[in-house]
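Here the structure is laid out as structure tokens; the discussion comes afterwards.
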Amino acid sequence: MSTTHAVSIAELKALIDAGSILNTYIIENDAKRYHVMCSSVTGQEHLLALNGEQPSDFDTLDDAARLVQSQGLTRIYLHMLDKG
């Protein structure tokens, strides 16, 4: 069973550098904003939290993608809400 916890950008970078990240997701929320979640080899999920423990919401998909790419992650899965 996976658990989810908030990580800072420095913690995420350390996980990336250690080769621990399997998948990266940008997920749209009900407010039409985006957050970043990564899953690790241990089955744990990591939500990016730039300011404390609350997951960071990005205004645009591009903002979230740029930050993820700046950390060296280029394979990103996108989860959008059903608009129907």
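Read the figures in this text as sums done on the coordinates, not as results from a lab. Please read all numbers here as calculations on a predicted model, not as lab measurements. Cβ: placed from backbone, ideal geometry, glycine included. Neighbour counts: every protein chain shown.
Counting only strands (runs of 3 or more DSSP E) that sit wholly inside the chain, those with at least 1 residues that are exposed (fewer than 12 other Cβ atoms within 10 Å of the Cβ) and aromatic (Phe, Trp, Tyr) are 77-79. Would you confirm whether or not segment 58-68 contains a residue that is in contact with a helix residue (DSSP H, G or I) (Cβ under 9 Å, 6 or more places away or on another chain) and among the acidic types (Asp, Glu)? No, every residue in segment 58-68 fails to be in contact with a helix residue (DSSP H, G or I) (Cβ under 9 Å, 6 or more places away or on another chain) and among the acidic types (Asp, Glu).
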